[in-house]
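The structure under discussion appears below in the form of structure tokens.
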Ligand code: FES
Ligand code: FES
């Protein structure tokens with residue numbers, strides 16, 4: 001049996017993507033749709049006094065105008081559910097305004113131009129209330145929740161941090177801030193809904209097909225078997241497409257009403273408020289250490305935004321509990337309940353911003369100890385999980401740091417800030433560790449022999465750019481001993497077997513393990529002489545005891561070299577390397593792409609990305625791609641990612657861990673530490689822009 | 001790699017936008033071609049609709065459209081050519097890049113009615129039948145995308161960029177503007193900066209373009 005799993009083969013959906021043949025939610029055109037446009041609220045808190053839609057209704061081509069006064073009845077929203085993304089999501093169901101940009105009306109017209117124009121003509125007057133918008137001044141709306149959004153305790157305490165801080169040889173006590181951020185996937189949230197007799201099909205840009213199916217069916221009060229969700233191609237998710245939004249619900253309602261296909265796409269500007277975002281955070285990190293670098297205390301406290309409209313507790317400090325050894329420990333997550341749009345998961349919720357603080361604090365400690373930051377990390381490598389006292393399933397952080405240091409030429413780094421000047425540029429290097437929780441979810445897969453030598457795989461899993469199509473073809477090909485080209489992979493239909501979808505980096509492992517199980521069962525029957533044609537097998541995966549007995553994480557080490565302009569303070573990334581331990585790699589080519597993509601997101605968090613909030617109005621200000629800065633080609637030089645050869649037998653039958661989020665974890669801190677090494681500016685408020693560097697240069 | 005000392009968009013607070021079209025042919029009455037392709041469905045005829053002929057991927061299309069219709073929406077909603085993507089509708093992302101007479105352009109910034117008489121090529125028109133354009137093949141091999149949403153725009157932009165290099169058009173990083181520019185890493189990064197890839201496939205996109213443009217400019 002030839003080895004196929006892990007091989008760096010080209011994506012099997014590559015040709016469709018480079019020819020424009022891959023069909024995304026807004027591309028579905030078989031039945032020419034009519035167009036919906038959403039109008040949104042211009043206040044953050046209060047209620048609608050009156051809506052005048054008469055002018056909109058008079059526009060040529062307008063088929064329907066809905067506001068809270070005449071929108072169809074829908075199932076009511078519920079505050080809590082086991083699967084938050086499966087909850088009803090009623091639209092235009094009340095005159096109450098809970099956040100700026102909340103949808104207040106839908107127009108459907110025969111053309112996009114007419115719908116857009118009519119939506120702009122809807123005149124709304126409001127009763128404006130006093131909202132709470134300021135994270136750091138939320139008063140009684142500052143809360144201490146019991147659990148984070150993944151169900152872990154929001155706080156933990158071991159020993160006495162205060163005492164250790166007083167008695168340590170050195171200590172660090174600093175506060176770091178991270179801004180609001182938006183996913184800004186290239187594909188705006190889009191839905192094309194088709195009503196056929198008594199059945200509704202919604203093509204939508206969503207990561208979790210099963211949850212979307214439940215959400216849309218319940219909201220529209222339709223029997224689940226009468227609803228089909230399709231998401232064959234998704235133009236980026238990053239967590240922002242875990243839920244569905246008003247576009248999907250309103251397209252579905254309007255298609256049923258008008259008995260014709262309806263397409264609703266959010267504008268780039270609407271995405272900032274209508275969809276989830278990453279909440280801003282304020283994080284205090286305290287570290288104490290002995291003279292030799294042995295940590296005696298680690299404390300990490302965060303305050304982050306949640307919304308009055310729905311609760312989300314980002315697990316910002318959770319992985320801090322497992323990264324380094326120290327006898328005295330404290331973590332706590334608090335939230336401020338604000339009248340802002342609802343925050344949610346964005347690529348590595350928790351670690352992505354938690355490590356921006358913690359891994360910069362570790363660097364600050366290394367400076368105070370006059371110790372190499374890699375040596376400091378090696379010194380505090382724990383033998384088992386420092387708070388749970390259970391073994392790690394695998395842990396190769398040390399190897400990631402050491403191999404990375406060799407490859408990057410870390411020994412050429414001058415620890416003295418500002419010591420390496422090359423012409424106009426002050427050049428520096430930084431390092432940071434990556435850690436990301438590893439998860440497995442219940443999944444099912446179906447595989448069918450369509451002929452003696454060809455097979456078809458079916459799952460309601462999605463491929464949001466991660467490479468799902470390709471790794472599943474590899475798993476089936478290797479297990480059934482047929483060529484990759486002989487495997488057809490069908491994903492993204494709610495009628496296919498249930499999977500957890502794409503999120504939390506659990507997709508490849510959960511669905512891949514279920515598929516492996518299905519293929520092994522099928523192969524056993526084929527070997528017994530059954531079939532082959534038409535022979536089908538179902539497979540399953542679910543987290544077992546090993547998720548309780550072992551602490552499961554993926555790891556990595558980031559190395560960044562930056563140049564800081566000696567006069568202007570401008571920062572340019574010069575090169576970057578990440579070395580990762582993510583269990584068995586399922587496709588070396590697509591995994592590398594995922595890791596590099598994550599690392600560049602880290603660079604973006606460190607240097608560019610920020611969604612400023614207008615505290616007067618409770619609205620985000622950088623709502624388009626001109627003002628919301630993400631890296632472009634010119635910002636990104638050589639970025640390389642390497643992986644260790646690993647197999648985590650406790651993780652799942654494939655031995656794999658997720659790679660989609662690992663790359664961002666810690667990457668931004670490596671850049672921040674490189675900026676310090678380059679020029680001596682220690683910027684604790686992300687992103688690290690020129691205005692924050694200049695004071696250190698003069 | 002040493003970095004040149006340049007003021008970038010980050011410092012200036014401005015946005016890089018794909019090369020704008022210049023020297024657009026003046027509007028003229030175009031004779032109706034014989035082999036007119038019908039759109040997948042005619043748009044409703046508002047009083048103000050404009051009749052127009054668009055030459056897309058070598059085929060003539062006769063359309064009657066709302067004059068506000070952009071070239072992007074005409075391609076996607078009226079001609080069924082959905083390979084060209086709408087990422088922002090404001091000229092800020094490059095996902096909608098097409099080739100107009102060989103020059104790359106953001107189709108969301110151009111009204112369809114103003115493109116009569118132009119030769120429009122979209123991602124659907126690059127391949128030669130089943131045979132992919134070398135730029136397309138190169139993108140697949142280099143894994144120059146993840147979700148694929150920015151990809152049609154990146155590829156059209158890259159093909160347009162190769163044409164610019166061939167014509168000797170300098171960029172902001174060209175040191176000697178009198179010399180013929182080559183497809184160097186710096187030139188490619190600079191010239192492709194109007195095409196955002198949120199999946200951040202940038203290193204692979206640059207590798208794909210360099211592989212496909214090798215020899216084109218020498
Ligand atoms: S859609 Fe035209 S530039 Fe973004
Ligand atoms: S491949 Fe997803 S945005 Fe470029």
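Assigned by TED's automatic domain parsing to the domain that holds residue A:578, within 27 Å of residue A:430 (Cβ to Cβ) and not in a loop (DSSP other than H, G, I, E, B), is that true of residue A:639? So residue A:639 fits the description; yes. Listed by position, the strands (runs of 3 or more DSSP E) contained in the range A:188-284 that have at least 1 residues being without any contact (Cβ under 8 Å) to a residue 40 or more places away in the chain are A:190-196, A:199-204. For residue B:141, only one of the following conditions fails: (1) surrounded by fewer than 22 Cβ atoms within 10 Å (Cβ to Cβ); (2) touching a residue at least 24 places away in the same chain (Cβ under 8 Å); (3) more than 16 Å from ligand 2 (Cβ to nearest atom). What is its number? Only one criterion in (1) surrounded by fewer than 22 Cβ atoms within 10 Å (Cβ to Cβ); (2) touching a residue at least 24 places away in the same chain (Cβ under 8 Å); (3) more than 16 Å from ligand 2 (Cβ to nearest atom) is unmet by residue B:141, namely (3).
Those strands (runs of 3 or more DSSP E) of the range A:57-155 in which at least 3 residues are surrounded by fewer than 16 Cβ atoms within 10 Å (Cβ to Cβ), considering only elements entirely within it, cover A:123-128.
Scan the range B:160-200 for residues that are farther than 23 Å from residue B:121 by Cβ, away from ligand 1 (no atom under 16 Å from the Cβ) and within 14 Å of chain A (Cβ to nearest Cβ) and the total you get is 9.
Scanning the range A:377-397 for residues that are assigned to a helix (DSSP H, G or I), touching a helix residue (DSSP H, G or I) at 6+ places or on another chain (Cβ under 9 Å) and more than 23 Å from residue A:575 (Cβ to Cβ) yields one hit, A:378. Consider the range B:104-128 and keep the residues that are away from ligand 1 (no atom under 15 Å from the Cβ) and at the interface with chain A (Cβ under 7 Å from one of its Cβ atoms). The one that is farthest from residue A:21 (Cα to Cα) is B:127.
Given the structure, is residue A:419 within 29 Å of residue A:564 (Cα to Cα), within 24 Å of the chain's Cα centre (by Cα) and in the same structural domain as residue A:376 (by TED's automatic domain parsing)?
no
In the set (1) farther than 29 Å from residue A:464 by Cα; (2) in contact with a helix residue (DSSP H, G or I) (Cβ under 9 Å, 6 or more places away or on another chain); (3) within 14 Å of another protein chain (Cβ to nearest Cβ), the condition left unmet by residue A:628 is number (1).
Entry remark, the range B:47-76: residues being under 19 Å from residue A:234 (Cα atoms) and modelled with pLDDT under 95 number 0 in total. Please go through the range B:56-103 and give me each residue that is within 11 Å of ligand 1 (Cβ to nearest atom) and more than 8 Å from chain A (Cβ to nearest Cβ), ordered by number. Correct list: B:70, B:71, B:72, B:91, B:94, B:96, B:97, B:98. Just one of (1) within 12 Å of another protein chain (Cβ to nearest Cβ); (2) modelled with pLDDT of 95 or more; (3) surrounded by fewer than 18 Cβ atoms within 10 Å (Cβ to Cβ) fails for residue B:42. It is (2).
Matching residues to (1) within 16 Å of ligand 2 (Cβ to nearest atom); (2) out of contact with any helix residue (DSSP H, G or I) (no Cβ under 8 Å at 6 or more places or on another chain); (3) assigned to a helix (DSSP H, G or I):
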residue	(1), (2), (3)
B:53	no, yes, no
B:62	no, yes, no
B:72	no, no, yes
B:104	no, no, no
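On the basis of being under 30 Å from residue A:245 (Cα atoms) and either over 22 Å from the mean Cα position of the chain (by Cα) or part of a loop (DSSP other than H, G, I, E, B) (or both), does residue A:337 make the cut? Criteria not met by residue A:337. Among the numbered conditions (1) over 30 Å from residue A:353 (Cα atoms); (2) modelled with pLDDT of 95 or more, the only one that residue A:428 does not meet is (1).
The set of residues in the range A:1-46 being part of a helix (DSSP H, G or I) and either more than 19 Å from residue B:139 (Cα to Cα) or facing chain B (nearest Cβ under 7 Å) (or both) consists of A:14, A:15, A:17, A:18, A:19, A:25, A:26, A:27. Taking the condition away from ligand 2 (no atom under 16 Å from the Cβ) and in the same structural domain as residue B:68 (by TED's automatic domain parsing), does residue B:112 pass? Taking the combined requirement at face value, the residue satisfies it.
Flag not set for residue A:351, criterion: surrounded by fewer than 18 Cβ atoms within 10 Å (Cβ to Cβ) and closer than 13 Å to residue A:433 by Cα.
For residue A:642, the conditions (1) surrounded by fewer than 24 Cβ atoms within 10 Å (Cβ to Cβ); (2) over 25 Å from residue B:144 (Cβ atoms); (3) more than 12 Å from chain B (Cβ to nearest Cβ) all hold with the exception of (2).
The values are calculated or read from the model by the stated rules, or taken from the named source; none is laboratory data. Quick caveat: nothing in here was measured; it's all calculated off a predicted structure. Virtual Cβ from ideal backbone geometry, glycine too; neighbours counted across all protein chains shown.
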